[in-house]
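A short worksheet on the structure shown next.
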Amino acid sequence: MSEKIVEIVDKIDTSQVFTELSDAHSGGICVFVGTVREFTQNEKVMSLEFEAYQKMALKEMDKIASDAKEKWKLNKVIIRHAVGLKKVEAPVVVVGASSAHRDACFEACRYLIDTLKETVPIWKKELFENKTVWVSAHP
Amino acid sequence: MSEKIVEIVDKIDTSQVFTELSDAHSGGICVFVGTVREFTQNEKVMSLEFEAYQKMALKEMDKIASDAKEKWKLNKVIIRHAVGLKKVEAPVVVVGASSAHRDACFEACRYLIDTLKETVPIWKKELFENKTVWVSAHP
Amino acid sequence: MEVLLFGIAKDIVGESLIQFSESEKVPTSVSELKQMISETYPEFGKLSSLAVAVNSEYARDDVPLDRNDEIAIIPPVSGG
Amino acid sequence: MEVLLFGIAKDIVGESLIQFSESEKVPTSVSELKQMISETYPEFGKLSSLAVAVNSEYARDDVPLDRNDEIAIIPPVSGG
């Protein structure tokens, strides 16, 4: 299995992620899943819509995965983001890493999601009952 | 679904953990899985055997889950440990938490595994080709 | 020259693409492109940030633009 | 009085239980229990740490022991 999985998909399946990151040299696997939350600042969210500049997003995700592998001693890394319309509770992003010891996979996992949110060209639109908002667009 | 899952099981199934921790009020889920590593200090491990003082272990795991829920704003928490003989790559422990924002679930997840390793009466025996070692027993 | 638009940039312009015809004045650098679109669509000035990608890499203001480059406006990202 | 044994403690004693018969001297506190088993089984003295649980809770050295308590020797834990 590949040491670096970087994907943009229509639907995220969380059931296989630990199997995907598992290997004989790892004692720990840390995974973060971002999901659609029902309320944002007390307003009820109907759904979220994700749009990606696919080609560039994959390039940036690959850079983040490679950077993480340089910063920490990791065995496998995964960054998978969903696009399209997502309902409450749906998983929208999965990042994770496996390593011999747990420090590395915890730190790397945090780095993966933090950096993804800063640099990967993916946009999230919140659909409320009476309006839609592109998240972070305005100060 | 219960807000706190604390279990000792014979076999860990990692495929449902994100579903178990998912809820409408969470935007993030962080999960750590501990697995059997093939090499320890350059010696090849055949398998690991876990033994628990079940009654007390469940009590201690429940305390850790409750403490985490007091320290951070968490929606759901899971601590699940396996007992018995485990082969290389097998998952032996799963800890995780879901929360509105990712800081809380990351910090809580780390706390869960660190504290479990310190206080929960479970013992790990490493089975090498020619000997067995109770981990951490001796200085 | 074509400029790809995503997220709120697409909403501001009302298209998923800005096309500069052969006869039009085209921006020769990232900074010129930013200036031109902000003048035509003042809403861009209200965004938290505005980046440009050239050939699917973030490009600084002084990067020159060529007709054959793949150019994209990158409004504030919000993945994850 | 019975004392439950786990992990390496079970290996040291060669049983999963230490039984004190009615006629025997029984330890009256956690510290006395620790002292008694370390004298009978010197291997306990070589462990990184040695704890005792009374009624499935970690118990400090001054905790008194009763015949009806569930008592356990807790060698260094290594779960996870």
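Each reported figure results from applying straightforward, stated rules to the coordinates on display, with no laboratory input. As the structure is a computational prediction, the values presented were derived from the model and not from experiment. Virtual Cβ from ideal backbone geometry, glycine too; neighbours counted across all protein chains shown.
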Total charge of the residues flanking B:E3 in space, meaning their Cβ is under 10 Å from its Cβ, with Lys and Arg +1 and Asp and Glu -1, is +2
So what are the ³J(HN,Hα) numbers for the range B:25-39, from phi and the Karplus equation (6.51, -1.76, 1.60; θ = phi - 60°), rounded to whole Hz, Gly and Pro as x?
8, 9, x, x, 10, 10, 10, 10, 10, x, 10, 7, 9, 5, 10
Whole-number percent relative contact order across the range D:2-74, with pairs defined as alpha carbons under 8 Å at least 6 apart
39
Exposure rule at most 14 other beta-carbon atoms within 10 Å, DSSP loop trypsin sites (Lys or Arg not before Pro): chain C longest free segment
C:26-59
Euclidean distance between Cα centres, the range A:114-139 to the range C:9-46, Å:
21
Kirkwood hydrodynamic radius of the protein assembly as shown from all distinct Cα pairs, in Å?
24.6
So which of A:K73/A:K124; A:K4/B:K73; A:K125/B:K4; A:K59/A:K117; A:K124/B:K4; B:K63/D:K46 end up more than 26 Å apart by C-alpha?
A:K73/A:K124; A:K4/B:K73; A:K125/B:K4; A:K124/B:K4; B:K63/D:K46
Per the helix-only calculation at 222 nm, which mean residue ellipticity applies to the protein assembly as shown, given -39500 (n - 2.57) for every DSSP H run of n ≥ 4 and division by its residues, nearest 500 deg cm²/dmol?
-8500 deg cm²/dmol
Counting only DSSP loop positions in the range A:32-139, the trypsin sites (Lys or Arg not before Pro) whose Cβ has at most 16 other Cβ atoms within 10 Å are A:K73, A:K131
The answer for GluC sites (Glu not before Pro) in the range A:46-117 that fall in a DSSP coil and have at most 15 neighbouring Cβ atoms within 10 Å is A:E89
Using only Cα atoms, figure out Rg for the range B:72-139 and give it as a multiple of 2.2 N^0.38 Å.
1.38
Please work out the Cα center distance from the range C:47-80 to the range A:48-97, rounded to the nearest Å.
20
For the range A:3-134, the Cα convex hull volume per residue in Å³ comes to 99
Which value results for Rg/Rh of chain C when Rg is the Cα radius of gyration and Rh the Kirkwood radius based on the inverse mean 1/r?
0.93
So, in nm and shortest first, the distances from B:V9 to its counterparts in the other copies, with label points 7 Å along Cα→Cβ, work out as 2.1
Which of B:D103, C:D66 comes first, and how do the rest follow, when ranked by fewest Cβ neighbours within 10 Å?
C:D66, B:D103
